[in-house]
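The structure under discussion appears below in the form of structure tokens.
Just so it is clear, none of the values below were taken in a lab; they were calculated from the coordinates. Quick caveat, the model's predicted, so the values are computed rather than measured. Note that we place each Cβ from the backbone using ideal geometry, even for glycine, and neighbour counts take in every protein chain shown.
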Amino acid sequence: MLTLGIDIGSTTSKCALLAGGETVLATSLVFAGIGTAGAQEAVSQVLHKAGIHPEELAASAVTGYGRHVWQAAQHEASELTCHALGARMVFPQVRTVIDIGGQDAKVICLDAMGRMSSFLVNDKCAAGTGRFLDVMAGILQIPVSGLTTEALRSCAPASISSTCTVFAESEVISQLSAGAKRDDVVAGICRSVAVRTAALAKRQAVCAPLCISGGVAANEAVRKALAEELHMDILYSNQAQLFGAMGAARLAYQKTMDKGGNTLCPKR
Ligand code: ADP
């Protein structure tokens, strides 16, 4: 049975196509999120990669900040549910999932069976999210993926004390103009995201094993700083940004199986 998961985020659209609710046949990632044609493009890409026609899908599910604008899926679910499901597909024992996306950060605690026991979300402030890194990469005139290399070269990360992205922007510019080493400033930027996320995590009882999901997971400097702040190892997969889409495809599978494997799911 083929199921499709669609994750329409604030900055990116992701899809995952699963066979039998487990095997990832294809994925897609388009750097365009809610309010764009990114979701449609991501769906087209994933089906094309797998050589599948839409009629061959048993069911689909949509998640993400932009899920309400996508009417073509049979099911919808929160990002919390889908990131947890996707994370458990890759790390079956995981008890805490930290998702850092383009516009928010979430800490999701799971019980031993994988059921969500608690969660916290920072969606009020861009600091501590991918948006903060995007803004800083813009100032430095490098792609956001380039921050990691520079940050990892630093031995003495600069302190970015501003709690607001707009003030932090000025602080970074002042530090650079005062002669601070660029690598140290970039490391400070990455550490600042980690410190903010760790503060969110410390507000609840996080259990190991812990994994990271979302686009910011690709930033090794953030991962390292977060592990130091939490005094915990962090599991990472290069599919981390796709966990939401994978979880949605898994959910579509489970819902279809619950209905006795009927491939003609009613519209939600
Ligand atoms: P959303 O679901 O809200 O669109 P994502 O989970 O896709 O968010 O994460 C998007 C964020 O991930 C971007 O804001 C960016 O800061 C970060 N990001 C994306 N690609 C990379 C990369 N290769 N390296 C580091 N950070 C990245």
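For the range 34-124, what is the charge dipole size about the Cα centre, in debye to the nearest 20, if Lys and Arg each add +1 at the Cβ and Asp and Glu each add -1 at the Cβ?
The calculation lands at about 280 debye.
Could you let me know the centre-to-centre spacing of the range 96-144 and the range 180-223, using Cα atoms, in angstrom?
If we compute the Cα centre of each part, the gap is 9 Å.
Over the Cα atoms of the range 1-74, compute the convex hull volume and normalise it per residue, giving Å³.
Dividing the Cα hull volume of the range 1-74 by its residue count gives 72 Å³.
Debye sum, Cα scatterers, the range 111-268, no solvent: what log₁₀ I/I(0) at q = 0.11 1/Å?
These q points yield log10 I(q)/I(0) values of -0.52.
Roughly how tilted is helix 220-230, in degrees to the nearest 10 and between 0 and 90, from the longest Cα axis of the chain?
Helix 220-230 and the main axis of the chain meet at about 80 degrees.
Calculate how steeply helix 79-90 sits against the longest principal axis of the alpha-carbon atoms of the chain, using the helix alpha-carbon long axis, and give the answer as 0 to 90 degrees to the nearest 10.
80
Given just the C-alpha atoms of the range 1-138, how large is their convex hull per residue in cubic angstrom?
Per-residue hull volume (Cα only) is 115 Å³.
Mind checking the dipole of the chain: about its Cα centre, +1 per Lys or Arg Cβ, -1 per Asp or Glu Cβ, Debye to the nearest 20?
Dipole magnitude for the chain comes out near 380 debye.
From the mean inverse distance of alpha carbon pairs (Kirkwood) and the Cα radius of gyration, derive Rg over Rh for the range 48-99.
My calculation of the ratio gives 1.05.
Computed over the Cα atoms of the chain, what is the ratio Rg over Rh, Rh following Kirkwood?
Rg divided by Rh gives 1.01.
By the scheme Lys and Arg +1, Asp and Glu -1, what is the net charge of all other residues having a beta-carbon under 15 Å from that of GLU228?
Spelling it out: positives minus negatives among the neighbours equals +2.
Looking at the range 218-263 from every direction and averaging, what is the projected area of its Cα convex hull in nm²?
For the range 218-263, averaging the hull's shadow over all directions gives 4.3 nm².
Quick one: which of 10-17, 91-98 comes out on top by average Cβ neighbours within 10 Å, and what's the full order, highest first?
10-17, 91-98
Of VAL186, ILE160, LEU4, which is farthest along the charge dipole of the chain in the positive direction, counting Lys and Arg as +1 and Asp and Glu as -1 at C-beta?
Farthest along the dipole direction, towards plus: LEU4.
At 222 nm, what value in deg cm²/dmol follows for the chain if DSSP H runs of at least 4 each add -39500 (n - 2.57) and the sum is divided by all its residues, to the nearest 500?
That comes out to -12000 deg cm²/dmol.
If I histogram all Cα-Cα distances within the range 69-203 using bins 10 Å wide from 0, what percent of pairs lands in each bin?
Over the range 69-203, the share of Cα pairs per 10 Å bin runs 12, 35, 29, 18, 5, 0 percent.
Based on alpha-carbon atoms only, what is the radius of gyration of the range 140-195 relative to the globular estimate 2.2 N^0.38 Å?
1.01
Tally Lys and Arg at +1 and Asp and Glu at -1 over the other residues with C-beta under 15 Å from the C-beta of GLN103: what net charge comes out?
Computed value for this residue: 0.
Could you list, in their original order, any pairs among LYS181/LYS202; LYS202/LYS224; LYS14/LYS202; LYS202/LYS255 whose Cα atoms are separated by more than 22 Å?
Exceeds cut-off: LYS181/LYS202; LYS14/LYS202; LYS202/LYS255.
Relative to 2.2 N^0.38 Å, what does the C-alpha radius of gyration of the range 204-243 come to as a ratio? Two decimals please.
Relative to the 2.2 N^0.38 Å estimate, the range 204-243 comes out at 1.11.
Mind checking which aspartates and glutamates have their C-alpha under 14 Å from LYS124, skipping anything on the same chain fewer than 8 residues away?
Within reach: ASP104.
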